[in-house]
1. Along each principal axis of its Cα atoms, how long is the range A:87-159 end to end? Whole angstroms, biggest number first, please.
2. Is there a quick way to get the dipole size of chain B? I mean about its Cα centre, with the Cβ of Lys and Arg at +1 and of Asp and Glu at -1; what is the value in debye to the nearest 20?
3. As a test of the formula, what do you get for the protein assembly as shown when each DSSP H run with n ≥ 4 contributes -39,500 (n - 2.57) and the sum is divided by the residue count, at 222 nm and rounded to the nearest 500 deg cm²/dmol?
4. Give the Rg/Rh ratio for the protein assembly as shown, taking Rg as the radius of gyration of the Cα atoms and Rh as the Kirkwood radius, to two decimals.
5. Once label points are set 7 Å from the Cα along Cα→Cβ at both A:Thr16 and B:Arg50, what is their separation, rounded to one decimal in nm?
6. Report the rotationally averaged projected area of the range B:128-176 based on its alpha-carbon convex hull, in square nanometres.
7. For chain B, build the charge dipole from Cβ charges (+1 Lys, Arg; -1 Asp, Glu) around the Cα centre, then report which of B:Gln616, B:Ser404, B:Met148 sits farthest towards its positive end.
8. How well do other chains shield peptide B:709-717, expressed as the mean number of their Cβ atoms within 10 Å of each residue Cβ?
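Derivation of every value follows stated rules applied to the coordinates shown; laboratory data play no part. Computed from a predicted structure; not experimentally measured. Don't worry about glycine lacking a Cβ; one is built from the backbone with ideal geometry, like all the others, and counts go over all protein chains shown.
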Amino acid sequence: MKRLIRLRVNGEPVETAVPANRTLLELLRDDLGLTGAKEGCGEGDCGACTVLLDGLPVSSCLVLALQAEGREVLTVEGLAQDGQLDLLQQAFVEEGGVQCGFCTPGMLLAAKSLLDAKPNPSEAEIRAAISGNLCRCTGYQKIVESVRRAADLRRAARRGP
Amino acid sequence: MKRDFQVLGGRAPRVDAGDKVTGQALYAADLKRPGMLFGALAHSPVAHARIVGVNADRARSLPGVKAVLLGADVPQVRFGVSPARYDETVLALDRVRYAGDEVAAVAAVDPDTALAAAGLVEVEYEELPAVLDASAALLPGAPQIHDMYPGNICAEVHQEFGDVAQARAQAEVVRRDVFTSKMQSGAFLEPQCALAEFDHAGRLTLWSATQTPHYVQRTLAMVLGLPEHRVRVVMPRVGGGFGPKASASSMEIATCLLARATGKPVKTLFSREQVFLHGRGRHQFRHEMETGIRRDGTLVFLEHRAILDGGAFASFGIATVYYAGSLLAGPYRLPNMKYDGWRVVTNKPACGAQRGHGAVHARALFEQQLDLLAEEIGMDPFELRLKNVMQAGDVTCNELNMSSLGMRECLEAVRSDCGWDEKRRQGRRPGRGIGMACGFFVSGAGYPIYRSRTPHCTVRVRLDENGGGVQVLSGAAEIGQGSDTMLATITAEALGIPLDHVTVRSGDTDLALDLGAYSSRTTLMTGSAAKEAAESVLRQIQEALARATGEPAGDFSFVRGLLHLRGLPHCVEAIRAEFQKERRGYSGLPAEGPLTFREASRFAFLERGLITGAGQYRPPPLGGGFKGAAVGTSPAYGCSAQVAEVEVDLETGQVKVLRITGAHDCGQAVNRTQVEGQMHGSMSMGLGEALTEQVLFDARGRILNPNFSDYKIPTALDAPELRALIVDSHEPNGPFGAKEVGEGGIMPTIPAVLNAIRDATGAVIDELPATPERVLAAIRKLGRHGPAR
């Protein structure tokens, strides 16, 4: 049996009918065509499916679509505004924080949640914030550097020219 | 040799980075086709059994199920990696050989139905005694897993170079050690996924998360009985491979057979558990080495015996068992080397190639032995290596030619960067340790997997008819390592144009031939082919300009996309005027200054018609005449040195790696950011293999930890600071002097960590991974017997 739910995804209202066992990841990928969130394990271990639910990172493979009712979901597709990469995306591109790219969407959202709460995080705080997101390609070195660079870019942008 | 490059050797962003940070990059699981069905496989729950009966009635009658294939429904054509060891079939017919062997394939309207149907296939098994480790497999009377492997030996190697018996008599210090490891997983983040579709002319397209589209194409053609040109294999973006995605799988073939049976596109996606069941990661090794030196540190001989537990099928195993021996012949001068290796089959998931292939655990023991030998003669570990390192131009005892080799420079770079001499001078502090090691690796396998004189790759560079754009068409496999960016960079450099003029299309058997992403081959081989193709395009533009102006063709070149000429640019005005006339209403056209590449290449098209350049690469004949000489040969070798600094809790055995400093000679770096990224990734994978990663089995051969919660790869909190130092050299056989960085960087990591643990504790770790239990046991053993050092 399906239930009608309403939520906001990347700022847009969404109304859709979902069965009770549908995960948020399935809703995003299969129903809404937002394939940026990846499934690396389906068990909440790898973090590739990380999206923000009301600003906080969740493994969307472990969240039921029904639990997102009335809430705000942000996926990687919602990061760039008006065709412009946001500063986190820009930093990942420039600093080499991307290799195969499979962990990247989840990594970006985990990092965004950190930077929104803590504009100037320490390296330990960055590592802790992305510790639920596995990456096999980079050894995390350039990802940590990308997040730090994004923090610098954001603070510079806030100060203005 | 230092050269000025325009784009090469810089830090440009990857060409695919923008798509990957926005979610626009599509991976196999993201693809959809109209009317698509979903595939699922049924796996054997038992390690070794005869199939007595199969009943698919319940599965077939489940609503939504469109096809159920059993062993009897599919071609029983054997396939695998090495043609001499084709030992796999798509679905088991009468026998299963490991817990995970595929017994049925199902297509249904949605993934849940497909999975449910796979679970409804009833198979009656008559269990056979299973062989779960290599030593049991080798015992007389052990159950035989394949008729084609008597004694369960899938491949064996016996080689001797120099005279080990005589050398042993000359050695002054000799050590014998045994080292064992556990099976490991590639643990790429993207599970395998395949989508197959036949068009109405009966031509098959398979989109697959593979790293070897060419080998998959050949296997599909062979098993499905189609000519190769009726089979197209396409890689979408691929989320890491590291080796285990380097061969065709039953899942890929079954997906194609389901598409054929239903007349619909079919997509099959592995769960993480299936990634573990399919395996093809690192073999389980047992190495025994006897190594002798003189008191002055000169390396005299190595006698090496290795037993590889390879699981149920050969996969890459023949190459693995050769690599495990042959790649110890460098980067030190080693005149006498004897190697005996056996690659054994057992009732476990098949092992294959994983980053560094067969050489990684052999290197881990050998580099520990060098440290122990250095200590016995009172020599610094760096000095012992420096005393023996090879240099460019040296040839190993097994005829591997070091056409470039910055081994000494790597050693010097890490030694100074990490402050080795000061840290060693401070003396030992219990619980704190520092260790080092070296390694080297091929820059592309010298021969294809199947016997052939085929070029290893072809590349076309095509000039956009409108001018300005350059398209690189290649079959190279971009799996995250950055080969698309490498191809764009080399093409741009050869033409003298900015990177943004170049578009790369790759990973598609319709575009070009390429053996794929393995053996760290793409930069040297496909890069060489791209350079050749781009140079041909440049020549054609030069000739068009020369004919129009009467100037010699060689006087024309491009620098950052602008025409650079010796002498006067007579032709510029006429060419520019024509270009502008064709573009009435356009804005932003070049109006003054030197002719742009856009204008010049449009002019060249108008003069000559379609301009494409062709390039290909085939290595020169390599290696000696002895049996197995082909494995380990390469047009070039990359090398690296690393230092690991660790903290060991002497009460619990817990190891924390504080920092790894690595230097790698990659020839001329194509993109420094990407080179560092490959080095970081190697170090991180090596760290996981050193400390935490092991596939565990229960007593019946079933995997206990087929998930990321119990199979532990490093997280951001486990990974230490990774420092990557690039040692540039010039490789004469590589494009613009470039060679590998993809795999060589993993060689030193495990022994550097183990040597650091020994420095911290005095204990020798003789089994991977160095879990707290093993480290603690090694420390306790010291208490009873005194330090090993």
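1. Computed over the range A:87-159, the largest-to-smallest principal extents equal 35, 22, 17 Å.
2. 320
3. After summing the helix terms and dividing by residue count, I get -9000 deg cm²/dmol.
4. Checking Rg against Rh, the ratio lands at 0.97.
5. Result for the modelled spin labels: 5.2 nm.
6. That works out to 5.5 nm², a quarter of the Cα hull's surface.
7. Final value for the positive-end residue is B:Gln616.
8. Rounded to a whole number, the mean comes out at 6.
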